[in-house]
1. For region 109-236, what is the convex hull volume of its Cα atoms per residue in Å³?
2. Describe numerically, in nm with one decimal, the distance between label points set 7 Å from Cα along Cα→Cβ at residue 270 and at residue 206.
3. Cα-Cα over 24 Å: which of 192/291; 147/300; 267/300; 272/307; 181/308?
4. Taking the Kirkwood radius as the inverse of the mean 1/r across Cα pairs, report the Rg/Rh of region 228-294.
5. Dividing the Cα radius of gyration by the Kirkwood radius, what Rg/Rh value follows for region 170-321?
6. Write out the chymotrypsin sites (Phe, Trp or Tyr not before Pro) in region 61-108 meeting two conditions: DSSP loop, and at most 10 other Cβ atoms within 10 Å of their Cβ.
7. So what is the accessible area of region 81-194 per residue, in Å², with the probe set to 1.4 Å?
8. If R₀ is 30 angstrom, what is the calculated FRET efficiency for the pair residue 80 and residue 139, using the beta carbon separation as r and rounding to 0.05?
Amino acid sequence: MSPNGSDLPLSRRAAEGGTPTSRRPMRRKLQQALAAGLVLATATGCTSKDFPRLGMPTPVTDEAPRILSLWQGSWAAALAVGVLVWGLILWSVFFHRRARTKVEVPPQTRYNMPIEALYTVVPIIIIAVLFYFTARDETKLLETSKKPDHVVNVVGYQWSWGFNYVENVDGDTSTDRTGSKDLQAIPDRMAKGFPKGAEGVHEVGTPGERNPQNNNPGPTLWLPKGEKVQFILTSRDVIHSFWVVPFLMKQDVIPGHVNRFEVTPNKEGTFKGKCAELCGADHSRMLFNVKVVSPERYQKHLEDLAKKGQTGYIPAGTASTGGAKNAETNNP
């Protein structure tokens with residue numbers, strides 16, 4: 001054996017007072033990993049105003065902040081659980097790692113009832129809390145008015161969108177056309193919210209159409225700022241999904257089943273919309289725009305459509321039959 005013990009194994013050299021094994025490489029790698037994580041967290045291109053939304057666009061309706069709040073709360077809960085789990089893992093790695101001089105198997109813990117009860121009950125509580133807030137907000141978001149300010153029947157079809165503005169454009173109650181066979185797909189309970197004398201105007205979109213202001217593809221749906229709009233969603237063929245991105249909300253457009261929801265736009269501008277349900281070969285072309293304007297300009301647009309001859313309604317889609325047509329009779 002050499003005088004300084006250089007021919008001993010590293011573990012014995014450390015145990016007998018020799019030079020311990022350097023841990024600098026591991027520390028260096030840990031520092032590099034932390035630096036890389038910091039770069040990834042701060043180099044995403046988000047501004048200080050964007051970061052709190054956690055990837056969500058700026059809300060443009062009165063209802064959207066509720067959705068944003070649920071999104072942020074879910075992320076906060078996930079982050080708290082993640083920090084706890086990561087902390088326990090790192091604590092175990094650093095403080096319960098086997099020493100180089102020990103070769104025995106550490107004590108094993110089996111059938112620890114308090115621990116097993118803990119990791120069963122805690123996830124149930126987490127899921128129950130998330131379920132409560134989701135159900136509460138969903139119920140609020142799907143509330144509808146008996147008499148909304150405006151009603152728009154959104155018609156999905158391969159591969160574009162049509163919009164029936166159920167409005168009394170000319171102000172004459174004797175020109176009502178809400179009994180048209182084109183709107184027979186809409187259940188009676190929803191038709192009760194139609195305004196009197198609504199002869200209506202419509203817009204028919206094509207995939208090749210573009211918005212003249214921003215050149216975005218698809219037809220343009222006009223909405224008034226500050227007034228409640230009820231969307232009645234119908235399909236002519238397959239399942240689509242009506243999604244206006246900054247509304248932070250989308251809903252399926254199902255043949256034979258009519259969905260609806262309401263929003264109150266609070267910001268003027270032109271926003272992007274799209275179909276969020278894979279509906280066939282040209283699904284990616286089912287784009288549209290939403291233009292929010294003043295109520296006066298909205299009314300002028302309806303009158304312009306009437307002057308173009310786009311009065312009445314386009315066929316809403318596949319009608320519900322039997323008991324499904326007027327199901328959920330307790331809804332307003």
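The values are calculated or read from the model by the stated rules, or taken from the named source; none is laboratory data. What you are looking at is a predicted structure, and each value in this text was computed from that prediction instead of being measured. Cβ coordinates were reconstructed from backbone atoms using ideal geometry, including for glycine residues, and neighbour counts include every protein chain displayed. Surface areas here come from the heavy atoms of the whole protein model, side chains and all, with no ligands, DNA or RNA. Shrake-Rupley method; radii C 1.70, N 1.55, O 1.52, S 1.80 Å.
1. 223
2. 1.9
3. Distance filter (> 24 Å) returns 192/291; 272/307.
4. 0.98
5. 0.94
6. Counting only loop positions with at most 10 other Cβ atoms within 10 Å, none of the chymotrypsin sites (Phe, Trp or Tyr not before Pro) in region 61-108 qualifies.
7. 70
8. Rounded to the nearest 0.05, the efficiency is 0.75.
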